[in-house]
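Peer 1: Below: one structure in structure tokens.
Each reported figure results from applying straightforward, stated rules to the coordinates on display, with no laboratory input. Only a predicted model underlies this, so the values are computations on that prediction, with no experimental measurement involved. Reconstructed Cβ throughout: ideal geometry from the backbone, glycine too, with neighbour counts over all protein chains shown.
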Amino acid sequence: MIDKEKGFTSFDVVRGVRQLCGVKKVGHGGTLDPLATGLLVVAVGRSSTKKLHTLLKSDKEYEVVAEFGYISDSYDADGHLTRVKYDESATFNKKNIEKIISKNFIGEIEQMPPKYSALKVKGRRACDIVRAGGKVELKSRKIRIDSFEIMDFQWPEVRFRVKCGSGTYIRSLIHDLGQSLGCGAYVKELRRTKVGEYVVEDAVKLEEILC
């Protein structure tokens, strides 16, 4: 279990473990964006990597800091930010946001994945196509949100804890919440804290095992 640091890709971690162990067959149980930190479960060896499909389908838990008043083309801080003009006299408080979440973002919902994602479109990653100037058409899909709670409210920044099923894009979740509020939102910080039964408290930094 690796506690991935910001700026590293999931493949960077896999490559580091591969070099450390001298084993070619290394995989992980669910991609984390370079912006994100937290739990990345890594499997070493053919028999272990065969079990990763179970982890990929496991429930996840995240802590996310969202900043409202902006939108991002990638739905996170790594993208191009655009300020949103909205009624600043409107009441944006914890209680009202919790009502919106309870009504629209709990249970089984439809979600559109971000175009800057690793989803494959005709054999190529959607993000690679977009960065090359191409266009992608992604389809919405059903996801499950078990819990979406406010941990800290310091408007326009709000920290949430999200417990969800596999296939959920937290970036899309925050973007859609911002759209529902009419003020926009993007992911400023993201940390995965749990994958199935595994928790980030039991993980180690990659640099600790590569020393």
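Peer 1: Counting helices only, and only those DSSP H runs with n ≥ 4, report the 222 nm mean residue ellipticity of the chain as the sum of -39,500 (n - 2.57) divided by its residues, in deg cm²/dmol to the nearest 500.
Peer 2: Rounded to the nearest 500, it is -7000 deg cm²/dmol.
Peer 1: Within the stretch 183-204, what residues put their amide N at less than 20 Å from the label point 7 Å along the Cα-to-Cβ vector of Ser89?
Peer 2: Counting only backbone N, you get 183-184.
Peer 1: HN-Hα J couplings of the stretch 183-189 from phi, Karplus 6.51/-1.76/1.60, θ = phi - 60°, integer Hz, Gly and Pro as x?
Peer 2: Using θ = phi - 60°, the values come out as 10, x, 6, 9, 7, 8, 9 Hz.
Peer 1: Also, I was wondering about something else. Choose one answer from Val158, Val84, Val130: the residue with the largest mean-square fluctuation in a GNM of the chain with alpha-carbon springs under 10 Å.
Peer 2: Maximum fluctuation in the GNM of the chain, among the listed residues, is at Val130.
Peer 1: In addition: Quick one: what are the phi-derived ³J(HN,Hα) couplings along the stretch 67-84, Karplus 6.51/-1.76/1.60 with θ = phi - 60°, whole Hz, x for glycine and proline?
Peer 2: 10, 9, x, 9, 10, 10, 5, 9, 6, 9, 5, 7, x, 7, 8, 10, 6, 9
Peer 1: When only Cα pairs under 8 Å and 6 or more residues apart are kept, what is the percent relative contact order across the stretch 66-211?
Peer 2: In percent, rounded to a whole number, it is 32.
Peer 1: Pulled fully out, how much extra length does the chain show between Lys142 and Met112, if you take 0.36 nm times their separation in residues and subtract their Cα-Cα distance?
Peer 2: Stretched out fully, the Lys142 to Met112 stretch lengthens by 9.9 nm.
Peer 1: If you plug each phi of the stretch 105-111 into the Karplus form 6.51 cos²θ - 1.76 cosθ + 1.60 with θ = phi - 60°, what whole-Hz ³J(HN,Hα) values come out, in order, with x for Gly and Pro?
Peer 2: My calculation for the stretch 105-111 gives 10, 10, x, 7, 9, 8, 9 Hz in order.
Peer 1: Okay, moving on. Want the number for Ile100 to Arg15: 0.36 nm per residue separation, take away the alpha-carbon distance, what's left?
Peer 2: Roughly 26.4 nm would be gained on extension.
Peer 1: If the elastic network links every pair of Cα atoms under 10 Å, which of Lys135, Lys188, Lys115 fluctuates the most in the Gaussian network model of the chain?
Peer 2: Lys135
Peer 1: Using a/c under 1.5 as the rounded threshold, could you call the stretch 59-195 rounded, prolate or oblate? The axes a ≥ b ≥ c are square roots of the C-alpha gyration tensor eigenvalues, and prolate needs a/b larger than b/c, oblate otherwise.
Peer 2: oblate
Peer 1: In whole angstrom, how far apart do the alpha carbon centroids of the stretch 151-211 and the stretch 110-147 sit?
Peer 2: That distance is 18 Å.
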